[in-house]
Structures are given as structure tokens and as C-alpha cells.
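See structure below.
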Amino acid sequence: MRPERGSQIFLNITRSKAKMYEYDVPERDHITVDIEPSKLFGLTIGLLGDYSAQTNSESPNQEYLQELINGLQFAAHFFDSYMQSRLKQELDPYLILLGSASYYLCGLPGSSRILARQLKDDHLDLQCLGLERFLLWLLQWNPLAYSNGTAQVYKPFVTNISNSLVKFYRNNEDTEALFENSKDLLRKAYDVGTPRQLLIADTI
């Protein structure tokens, strides 16, 4: 899955609209957007899913991963530009979360954090049984163990990841445990999760 020429045109129009607000261009002078950029959401979400799944595979294809990283940059810029363009007054928190994750995974943690800070974890409910709040905690990053809760089906896995991650950052230890705990969560999501839960688990 990759952005084609038509998708790039949609992105450029969306970014142009966002820039007009950024530079305080009067709305009467704005470009007319006669297409629906939100049609790109399926592509951009798919790019994130493809990258996460490939990264988590037993033998990731490095050449394909690099191609997907380029796609992730496209996805992240689209999520951000769509929000700034005000084409929709209130952007779905799900898309903000995925945009933040896309920025992080393609190596732009600063932009990722700007998006993540727009979400409040105690109000975030995307029908993912708490996985969405855990992903947001990872993106906002607080070096204290995660405590906001997940449904029982995922709770032990999230607790294990959180504890091993804190140990890793504090003492540079528990690296193997961190990856094993992450794989355990992923296996559980593949076993019992909805498609959205699986995407969030893969991204975690």
C-alpha cells in the first residue's frame, strides 16, 4: 500500500488550506476545496497498519519497511494538515491518536507529542478496552508506571509492558522482557481483539 499521485494531490490541497489559516489569510481569499480529503483516511490508516504489522513480523523486509516509513510520513502529514485545515471543526480523537503514532514511528517525536497533547487520556474511549489510553500514555511519555487502567482481558499484558519499559528507561535493563511482553499483548489482541484493537495493539 502506497500513496499514489491522486492521494498526493489531496494532501497538497489539504496542506494549502491549513497554511492559509496559519498565515491568517482572510477566509474570503481561501482556495475552494471541492474534493473530500477525508477519503484518504482509509489509505492513511492502512499505511500505519501495514508498517506496524511488518515491524512486528518474525522476519521484516527492510526494503519494504523503508517504503512504508515514507508512507507513514505521508499519513502523519495528512492527519496533521487535515486537523489544521478546519475542514471538519472537531477531528475524531482516533485520527489524532493515529496521526501522533504515525509521526512517532517515522522518526518525528516532537510532532508526535504536539498531536498527543491534544488528547486527554481520562476522556479517551475508542472502544479498545483501554489500549487506546495506553498508546496515548506511550506517545505522551511519563516515566512513571502506567496506571489509567485497561479491561481485564488486556490488563496483565499492559502492566507487564509498562513495568519493563520503565525499567528500560531508568536502568537500561529488561530489554528482552519488554519485547516479549509486547509480543504477548499482540498475540492476545490477534486472539480476541476487534480490528481496531488489533491496530492499536500492533502500533503499541
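The values are calculated or read from the model by the stated rules, or taken from the named source; none is laboratory data. Please read all numbers here as calculations on a predicted model, not as lab measurements. Every residue, glycine as well, gets a Cβ built from its backbone with ideal geometry; the counts of neighbours run over all protein chains shown. SASA here: full protein model, heavy atoms, side chains in, ligands and nucleic acids out. Shrake-Rupley method; radii C 1.70, N 1.55, O 1.52, S 1.80 Å.
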Provide, as a two-decimal number, the C-alpha radius of gyration of segment 47-204 over 2.2 N^0.38 Å, N being how many residues it has.
1.01
Which order do the peptides 186-198, 170-182 take when ranked by the mean count of other beta-carbon atoms within 10 Å per residue, highest first?
186-198, 170-182
Rg over Rh, two decimals, segment 88-139 (C-alpha only, Kirkwood Rh):
0.95
How far apart, in nm, are the 7 Å Cα→Cβ label points at D92 and N70?
2.8 nm
For 44-57, 66-79, ranked highest to lowest by mean beta-carbon neighbours within 10 Å, the order is 66-79, 44-57
I114 to S147: extension gain in nm, 0.36 nm per residue of separation minus the Cα-Cα distance?
9.7 nm
Which value, in Å², gives the accessible area per residue of segment 49-204 when a 1.4 Å probe is used on the protein heavy atoms?
52 Å²
Residue-wise HN-Hα coupling along segment 109-116, computed from phi with Karplus coefficients 6.51, -1.76, 1.60 (Hz; x: Gly, Pro):
x, x, 5, 4, 5, 4, 5, 4
Given bins 10 angstrom wide, list per bin the percent of all Cα-Cα distances in segment 105-189, short to long.
17, 47, 35, 2
